[in-house]
1. Using all Cα-Cα distances in the chain, what percent lands in each 20 angstrom bin from 0 up to the longest?
2. Shape call for the range 483-602 from the C-alpha gyration tensor, a ≥ b ≥ c root eigenvalues: rounded (a/c under 1.5), prolate (a/b greater than b/c) or oblate?
3. Determine ³J(HN,Hα), in whole Hz, for all residues of the range 312-321 in sequence, where each value follows from phi through the Karplus function 6.51 cos²θ - 1.76 cosθ + 1.60 and θ = phi - 60°; x replaces Gly and Pro.
4. Give the peptides 575-587, 251-263 in descending order of average Cβ contacts within 10 Å, highest first.
5. Take the alpha carbon atoms of the range 353-501, find their radius of gyration, then divide it by 2.2 N^0.38 Å using N residues; give the quotient.
6. Hey, any idea what % of the chain's accessible area is carbon plus sulfur with a 1.4 Å probe?
7. Please list the non-local residues whose amide H lies under 5 Å from the amide H of SER337, H modeled 1.01 Å from N, same-chain partners needing a gap of 5 or more.
8. Mind jotting down the distance between the C-alpha centroids of the range 492-527 and the range 367-437, whole Å?
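The values are calculated or read from the model by the stated rules, or taken from the named source; none is laboratory data. Predicted model only: the values in this text are computed from it and were never measured. Ideal geometry is used to build each Cβ from the backbone, glycine not excepted, and the neighbour counts take in all protein chains shown. Accessible surface areas use protein heavy atoms only, side chains included; no ligands, DNA or RNA. Shrake-Rupley method; radii C 1.70, N 1.55, O 1.52, S 1.80 Å.
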Amino acid sequence: SISRLLYLLQQESSSTELRTECAVVLGSLAMGTENNVKSLLDCHIIPALLQGRLLSPDLKFIEACLRCLRTIFISPVTPEDLLYTDVTVISHLMALLTRSRYTQEYICQIFAHCCKGPDHQTILFNHGAVQNIAHLLVSTSYKVRMQALKCFSVLAFENPQVSMTLVNVSVDGELLPQIFVKMLQRDKPIEMQLTSAKCLTSMCRAGAIRTDDSCIVLKTLPCLVRMCSKERLLEERVEGAETLAYLIETDVELQRIASITDHLIVMLADYFKYPSSVSAITDIKRLDHDLKHAHELRQAAFKLYASLGANDEDIRKKIIETENMMDRIVNGLSESSIKVRLAAVRCLHSLSRSVQQLRTSFQDHAVWKPLMKVLQNAPNEILVVASSTLCNLLLEFSPSKEPILESGAIELLCSLTQSENLALRVNGIWALMNMAFQAEQKIKSDILRGLSTEQLFQLLSDSDVNVLMKTLGLLRNLLSTRPHIDHIMSTHGKQIMQAVTLILEGEHNIEVKEQTLCILANIADGTTAKELIMTNDDILQKIKYYMSHSNAKLQLAAMFCISNLIWNEEEGSQERQDKLRDMGIVDILHKLSQSSDPNLCDK
């Protein structure tokens, strides 16, 4: 029957009334089950409705075709890309925006639904979406205004190009941001308030509107906080919290304002209370609805707590003091929903930036246990945030450091340093660097054994400067305190000296070279380790070269090496001094004592 209807629809010889009726019936079928939509798609209904049909002079026929298309495109079984297979279709649809309020409503709804990601945004933007849709924001029809607003919300999301354009567009002498602000006033329907807040949020995050602009501070932010309140529907609360989390994510001032607006931090605790206990059997329907939204609510609350606590110590304290907060995060780490797990880890990461909390709440709740569990076979996006959190738990003042070591962390972190994923390599080596700081000799030996010399060289020749700097930081932490320096250099001296040579000869920036010379200065501080420098003429020449370098930081670092080699009270100092004198080091020192740089002069 579908193919028969489609055949009649496409016959130019059929009367327009018949073809319109066919489009209406097909549209009704599309409103049925997902299987109906699949059958229609299998019969190639989209090209049948798009090609040629939209050029008909008959408005009723066009509206029936568009209504049917709209119903098909908003179905979850329809791939959005089908709208973009033939780009001339987009131009036709843009042209039809002038025909009637129905064509406006359906076309905007199709665009809003099918715009997923930057490629789609660019196609619509290049076809004049902004100019063609802007005037619909002041349409007399609420449905048209709403669908046009939804279009802008998806077009501007994470898209600086669109956002920067929107700021300067005006309709009837009023700029779009002002129109959006009017749409988020309390007397407007909730979906309109939420969607215009999303538009302003995207524009703010893209830098098109300043974070201290009154339309953000006094209008958008309070509107989104209102959406988190108990009065709102669960789905509205989810969307409100997620949008607010995105708005304030990178701005400490907005985080502070949000944290003291309408008791937001306490209000969010309510997000964890679904599904609520069901009293009567009549509530089964509500229970089903609550269950469906429960994990979305928890995910949204974790995300917003993570944004709120990203920078401010007092806010983190308030979050952690909210009822059972740490237990909720710990439970979130082991939830079945990957999205909730990721949001819980993000929240934990945000709170782990606090020295105070690492020493107290994190310790009381043994947070490291579930965190180590999360790190076993998690997908990369969770691994990146979880390993960042682990870096913080391994700082020297964190009481979690000991138990984490005992639970196999070294092995885990060494394996992360071999990851294809750059962020994981950085975090793995960073965590090892933190672990090695002021650690006992056994831990340092375990790290070196776990990493292996091959892997160390691999990391030192990594193309990313961050990995290189953290690896040098690890070496510097390993080579601290004399007995440790001598012990490590007695087992790994040859390889470490090779690595140092490699870097001092390579094309690296000043920071990398400075860090490497500091490692040499540490080696020079060892009792027996010194000899590895004194017997290596190549390294001595390099130290001499950097003493006369044009960069003062490198000159200072090279002089540290020299001063650690020549202490009078240490055995063999006379021979070392003679050798360095013969190399012409004293002449360089004379010259440097006349330097205009007071630090160099003193040293």
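1. 16, 35, 30, 15, 4, 0
2. Oblate is the answer for the range 483-602, as a/c is 1.5 or above yet b/c matches or exceeds a/b.
3. 9, 4, 5, 5, 4, 4, 4, 5, 5, 7
4. The packing order, highest mean first, is 251-263, 575-587.
5. 1.02
6. The value for the chain is 52 percent carbon and sulfur by accessible area.
7. none
8. 26
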